[in-house]
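Read the figures in this text as sums done on the coordinates, not as results from a lab. This structure is a prediction, so every number in the text was calculated from the model and none was measured. Ideal geometry is used to build each Cβ from the backbone, glycine not excepted, and the neighbour counts take in all protein chains shown.
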Amino acid sequence: MTSAQNDASIVDEGTAPHERREPSYLAGGYRLIDWLTTRDHKRIAVLYAISITFFFFLGGVAAALIRLELATPQGDLVSDDTYNKLFTAHGIIMVWLFLIPSIPAVLGNFLMPLMIGARDLAFPRLNLASWYLYMAGGAIVLWALLAGGVDTGWTFYTPFSSMFSNSHVVAALSGVLVLGFSSILTGLNFIVSVHTLRARGLSWFRLPLFVWANYATSLILVLATPVLAMTLVLVAIERLFQVGIFDPALGGDPLLFQHLFWFYSHPAVYIMVLPAMGVASEIIPCFARRPVFGYRFMAYAILAIAVIGFLVWGHHMFVSGQSMYAGMVFSLLSFLVAIPSAIKVFNWTATLYKGSIRFSAPMLYALGFVGLFTIGGLTGLFLASLALDVHLSDTYFVVAHFHYIMVGGSVMAYLGGIHFWWPKVTGRMYSDTWGKIAALVIFAGFNLTFFPQYLLGYAGMPRRYHSYPGEFQLLHVLSSAGAVILAVGYLMPLGYLAWSLRYGARATPNPWRATGLEWQTDSPPPEHNFAIAPVVVREPYAYTPEGP
Amino acid sequence: MSAPVLEPQFASHAQQDFARSFGMWVFLASELLFFGPLLFGYLYLRMHAPHATGMASRHTDMLLGTVNTAVLLTSSFCMALAGHAAQGNDRRRATRLLALTAALGVVFLAIKGFEWHQEFDEHLFPGVGFHPADATDPATVHGIELFFLLYFAATALHALHLTIGVSACVWLMLVLRHPPPRGPGNEAVELAGLYWHFVDVVWIFLYPLLYLTARSGG
Ligand code: HEM
Ligand SMILES: [Cu+2]
């Protein structure tokens, strides 16, 4: 590995007298209480990483049980009621406890200040508070699950959730509400930090795309989450006081709920995928050794996705009974949002073109992300087409579609990011070979799990059923087999990354010879990130082709 | 002399002050959207059941609502003066004005509580006991009930915000006695002021929607 001082440095260290070495952020204070009261964004990121990993595997256990049940056409493993509770638990945990916080709260927390050359986020105490809110929300959700579970699905559709379900809906709603506050605070912190704490010379169009992506995500978090929060409160009110807001029998209107819910939840899918795009935009140029193609377009596309994302919620309601004209408008707008997404895919591809590509583990994950995201996105166009959606709605086609985007896309990128910045976070290198094997296993397992689901959906298998006609069994068995491979793939990084913590080689400050500011400081970084405040003098992604 | 502590992540006081007030603005933008579903619900109701909305709004107590609007506007005025005093580093005067602001906030809450009590007695609280005096056909009753649901949700959310505002005033009154670094800087009063004005502005929207709609028609 080469040294930190490399030709691609975008930093002018100025006339620093001599480097005054601070100890790493991991060094001071080993006790639990030091960690639980820390205000260092890097330690908070680690706290998030640990808790989020726990919830990921918990959600995974529910997924495993679902797939096991579906291996046979009869509902013989669990009762129908338990099945409903399983997929609800799986959905709630994966969406609110894993996908939404994963990249912003773990990678974003660690990297945003480093990437903008700041010593911390603008409000460190608030940052810690948002981790506590996350834990509190997680605890409430867990309690709801342990106390008997919830059977509404993660979408809490009314009037079932508000009037008929006799499970722990209010507890689950409260948990999600608290989690929402956690994300609002994180978003607020990022927005203010990017506006106020950028290093000298770091203009908006010199920001790494990861920063752009998290900034746009934060805007969505801050503006959309409150709407969800109040909607959930209304559901709880209807349930507790038996008054009609959403229940037609009481004079309410269920469409009102769907409007409000999807006004949040469609932008929420961009909360999950924009940060993932940010990660890919860091890894791909680094391992192709070329500047990002069309940097400005990439930044504009991120903003466009965030803005248009607020206008397309009605594509979840094509079959809900909303007016036909509304359906047509939403269909059209949904096609529009595909344009900036396509720009991003084209620009990644163009960045790769004629690059001197190095297929290291992070790069494999990033390429996996691009491929799976593309498939998921293209099948999204099927669903955005009004006429087709009427056939495909609520079938396994939808299940496959959102898993390609959210699991194939976001989780793949999250893992890519973990691998890319692992040396920075921990100061250790892991085995690249094992990393590559895991990436390939995950990719293979993923496609075997979810591709058959497109076929199932196309053939008419509805989602959320725990038994099905025998003719669907072959595809379901393939899918379940894939899930086993996928599970193995997800477990592998736990092993070799943990191993690297103790036995891995020491990482240099910049093992990948990347250009971001975060690579200009030690690995792991000192407590206040930079010994001297950096000054940026170059454009972003100033990569040059690899020497001989 | 009154310079607050500079947190390590900031390079200057100017930067720190800017970050804090900018943070407050972002926070308020987010806060505003908490009222979004209620306003959307109101719009929805108004479009689908205009008659019931009008009837329902005539059940609210316009006199008390108007008095409360005046009380709240006065409190905002006091708050603005408090911010001004703090800016001039007159922390004693700022403390007194904060006390006045908080007191007016409490008066608002008391009147609001009295109104709720009245409405409760008239069986206007949504739920099994709901029956408005003047409507009998189920569709209209449903509309009125939904109106009152939104009414109670919105005014309660507003009252919750006001309670937080009052607590912030009281807290500032207690800590302004200590000079920095133990006490807060003067800009803290202005941040509290921003929040207070926001709560005020929300009421300025709720008041016509809940009390004045369709009143003119008689
Ligand atoms: C081993 C991998 C996984 C398997 C086998 C799996 C399986 C399933 C199945 C069968 C459903 C559909 C339930 C139904 O609608 O009938 C489902 C729903 C869902 N999954 Fe997964 N899943 C996996 C991983 C993930 C991951 C990693 C995430 C998120 C990061 C995720 C997020 C979701 C969401 C949000 C739903 C919607 C829940 C609902 O419809 O209520 N899944 N999953
Ligand atoms: Cu959508």
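Hydrodynamic estimate: the Kirkwood radius of segment A:160-269 over Cα pairs, inserted into Stokes-Einstein at 10 °C and 1.306 mPa s, corresponds to D of 100 µm²/s. Dividing the Cα radius of gyration by the Kirkwood radius, what Rg/Rh value follows for segment B:132-218? We get a ratio of 1.24 for segment B:132-218.
For segment A:237-286, the fraction of C-alpha pairs more than 13 angstrom apart is 68%. What is the angle, in °, between the Cα long axis of helix A:169-196 and the longest principal axis of the Cα atoms in chain A? Nearest 10 is fine, range 0 to 90. Taking the Cα atoms of chain A, the angle to A:169-196 is about 30 degrees. Report the calculated FRET efficiency for B:Thr136 and A:Phe164 (r = Cβ-Cβ distance, R0 = 25 Å), to the nearest 0.05. Between B:Thr136 and A:Phe164 the formula returns 0.30. Exposure proxy shown here: for A:Leu173, B:Leu38, the number of other Cβ atoms within 10 Å sets the order, fewest to most, as B:Leu38, A:Leu173. Taking GluC sites (Glu not before Pro) in DSSP loop conformation with at most 15 other Cβ atoms inside 10 Å as exposed sites, chain A has its longest uninterrupted site-free stretch at A:20-545. In straight-distance terms, cross-link reach from A:Lys354 covers every one of the lysines whose alpha-carbon lies under 26 Å from its own, apart from those fewer than eight places away in the same chain; here that gives A:Lys344, A:Lys436. Working note: Karplus 6.51/-1.76/1.60 with θ = phi - 60° gives segment A:367-378 the couplings 5, x, 4, 4, x, 5, 4, 5, 4, x, x, 5 Hz, where Gly and Pro are set to x.
For chain A, the relative contact order comes to 23 percent (Cα pairs under 8 Å, sequence separation of at least 6).
When peptides A:357-367, A:422-432, B:121-131 are sorted by average Cβ neighbour count within 10 Å, with the highest value leading, the order is A:357-367, A:422-432, B:121-131.
When the Cα gyration tensor is reduced to axis lengths a ≥ b ≥ c, the ratio a/c is 1.5 or higher for the protein assembly as shown, and with a/b not above b/c it is classed as oblate. Chain B has equivalent-ellipsoid semi-axes of 41, 18, 13 Å, by the square roots of 5 times the alpha carbon gyration tensor eigenvalues, sorted largest first. For segment A:102-222, the alpha-carbon radius of gyration amounts to 1.31 times the rule-of-thumb value 2.2 N^0.38 Å expected for a compact globular protein. Remark on A:Leu121: its backbone amide H falls under 5 Å from those of A:His41, a criterion applied only to residues 5 or more positions apart or on other chains, H modelled at 1.01 Å from N. Potential lengthening of the chain between A:Ala27 and A:Phe57 amounts to 7.9 nm, from the contour at 0.36 nm per residue minus the alpha-carbon distance. The Rg/Rh ratio for segment B:16-144, using Cα coordinates for both the radius of gyration and the Kirkwood hydrodynamic radius, is 1.11. Derived scalar couplings between HN and Hα for segment A:74-83 equal 7, x, 10, 7, 10, 6, 4, 5, 4, 4 Hz in order, rounded to whole Hz, by the Karplus curve 6.51 cos²θ - 1.76 cosθ + 1.60 (θ = phi - 60°), x for Gly and Pro.
The simple Förster model, with R0 at 41 Å and r as the Cβ-Cβ distance, assigns A:Ser79 and B:Leu109 a FRET efficiency of 0.25. One Cα centroid belongs to segment B:66-99, the other to segment A:67-129; the line between them spans 44 Å. Amide H contacts under 5 Å for A:Val535: A:Asp12, restricted to partners 5 or more places along the chain or on a different chain, H placed in the peptide plane at 1.01 Å from N. A convex hull fitted around the alpha carbon atoms of segment A:194-241 yields 73 Å³ per residue.
For segment A:405-489, the mean projected area of the C-alpha convex hull, equal to one quarter of the hull surface, is 6.4 nm². Gyration tensor over the Cα atoms of segment A:212-315: the corresponding equivalent ellipsoid has semi-axes (square roots of 5 times the eigenvalues, largest first) of 39, 12, 9 Å. Cut-off 16 Å, label point 7 angstrom out along Cα-to-Cβ of B:Thr74: give me the residues of segment B:103-142 whose amide nitrogen falls inside. Only B:103-112 pass the distance filter. Taking the C-alpha atoms only, the angle from helix A:124-146 to the longest principal axis of chain A is near 30 degrees. Only helices enter the 222 nm calculation for chain B: every DSSP H run of n ≥ 4 contributes -39,500 (n - 2.57), and dividing by all residues gives -25500 deg cm²/dmol, rounded to 500. Under 19 Å from a point placed 7 Å out from the Cα of A:Ala342 along the Cα-to-Cβ direction: which residues of segment A:377-394 have their backbone N that close? Answer for segment A:377-394: A:377-389.
Short-range pairs are left out: with C-alpha atoms under 8 Å and at least six residues apart, the relative contact order of segment B:63-164 is 22 percent. Peptide B:206-212 has a mean of 0 when you count, residue by residue, the C-beta atoms of other protein chains within 10 Å of its C-beta. Near the amide H of A:Arg428, within less than 5 Å, lie the amide hydrogens of A:Ala507, all on another chain or at least 5 residues away, with H placed in the peptide plane. Its Cα gyration tensor gives segment A:36-86 an equivalent ellipsoid; the semi-axes, largest first and in whole Å, are 37, 9, 5. For segment B:165-218 versus segment A:210-249, the inter-centroid distance based on Cα atoms is 24 Å. D for segment A:21-124, whole µm²/s, Stokes-Einstein with Kirkwood Rh over alpha-carbon pairs at 20 °C and 1.002 mPa s: what number? Result for D is 132 µm²/s.
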